[in-house]
1. Given the DSSP H assignment, sum -39500 (n - 2.57) over each helix run of at least 4 residues in the chain and divide by its residue total; what's the result at 222 nm in deg cm²/dmol, nearest 500?
2. Rounding to the nearest 20 debye, state how big the charge dipole of the chain is about its Cα centre with +1 on each Lys and Arg Cβ and -1 on each Asp and Glu Cβ.
3. Can you tell which of GLN36, PRO6, LEU50 lies farthest toward the positive end of the dipole of the chain, using +1 and -1 charges on the Cβ of basic and acidic side chains (Lys, Arg; Asp, Glu)?
4. LYS54 versus ASP22, label points 7 Å from Cα toward the beta carbon: distance in nm?
5. Between Rg and the Kirkwood Rh of the range 9-54, both from Cα atoms, what is the Rg to Rh ratio?
Amino acid sequence: MSSFRPLYAVTITDAVASGDLDQLKKLAAEAEAHIQQYGDIPTLLAALKLEIAKLGG
């Protein structure tokens, strides 16, 4: 993957709206690579927020 595209909702919705199968497959591969590298960010963020709340923050 030569260029980085942030995987924001607009990036994904624009790709879906384009109807370009090659672009959709490439974006799906980028998303899978992101998950492999960084893990499940929403779950990790929820754990962080829980710990913050436990500590009174």
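1. Result for the chain, helices only: -24000 deg cm²/dmol.
2. 200
3. LEU50
4. Going from the LYS54 label point to the ASP22 one covers 5.0 nm.
5. Result: Rg/Rh = 1.19.
Rule-based calculations on the coordinates, nothing more; no lab input. Values in this document were obtained by computation on a predicted structure and should not be read as measured data. Positions of Cβ are backbone-derived with ideal geometry, glycine not excepted, and every protein chain shown enters the neighbour counts.
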